[in-house]
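Before any comments, here is the structure.
The values are calculated or read from the model by the stated rules, or taken from the named source; none is laboratory data. Predicted, not measured: the structure shown is a model, and the values here were computed from it. Here the Cβ is made from the backbone with ideal geometry for all residues, glycine too, and neighbour counts use every protein chain on show.
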Amino acid sequence: MKITISGKQMTVRPSLKELTEKKLARFERFFGDDAEAIVSYSCRHDLQYVEITIYYGGTIFRSEEGAETFQNAIDEALESLERQIRKNKTRLEKRLRSGAFDPVPGDVEEEEEGEFTIRTKYIPVKPMSVEEAILQMNLLEHQFFVFRDAVTEKPCVVYRRKNGDYGLITEE
């Protein structure tokens, strides 16, 4: 797994980089060598945050956690990622590395416009089914997800409704 570690408005200590690489090694059984992990550290509101994004086989796994220390934050973020993977185990088995569940686991731009900041995120919009889009949305822990329908090739948005159900927006 290729790991990229960075700090937002801070320098990441070598000992923290080493700890991060060691802890991410447990995910080698889920992903092969072609997976890419991006880890970003930051401090906000008297808490230390870690954001982990793993790209593998066209699927994105993401977790962001804050705690008193970076070590606690990374532990919580990795537990969250593992929970996501185990929760969606049956859906993910076809995409993850074979034997992953054996017992023993986008570019962003910001632009200021007057009194608010516009955050532009570029994502690859690949064809997928509605079920696959819902899975991806849940893995990212987002409220909506943009994708291209595999059958109609039209752009669609799937979203989580307040009652827990899902909605789909597509063009005619």
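Considering each residue of segment 1-33, count those that are of a type in the set (S, T, N, Q) and in contact with a helix residue (DSSP H, G or I) (Cβ under 9 Å, 6 or more places away or on another chain), and give that number.
Qualifying residue count, segment 1-33: 1.
Report, by residue number, each residue of segment 29-43 that is small (Gly, Ala, Ser) and modelled with pLDDT of 90 or more.
Ala37, Ser40, Ser42
Which of the following residues is assigned to a helix (DSSP H, G or I), more than 28 Å from Val146 (Cα to Cα) and modelled with pLDDT under 90: Arg83, Arg26?
Being assigned to a helix (DSSP H, G or I), more than 28 Å from Val146 (Cα to Cα) and modelled with pLDDT under 90 holds for just one of Arg83, Arg26, which is Arg26.
Scan segment 113-172 for residues that are touching a helix residue (DSSP H, G or I) at 6+ places or on another chain (Cβ under 9 Å), over 24 Å from Glu82 (Cα atoms) and among the acidic types (Asp, Glu) and report the count.
Within segment 113-172, residues that are touching a helix residue (DSSP H, G or I) at 6+ places or on another chain (Cβ under 9 Å), over 24 Å from Glu82 (Cα atoms) and among the acidic types (Asp, Glu) number 1.
Does Leu81 qualify as being of a type in the set (A, V, I, L, M, F, W, C) and closer than 20 Å to Glu132 by Cβ?
Judged against the criteria, Leu81 is a match.
Considering every residue within segment 50-64, establish whether at least one is surrounded by 15 or more Cβ atoms within 10 Å (Cβ to Cβ), under 15 Å from the mean Cα position of the chain (by Cα) and basic (Lys, Arg).
yes
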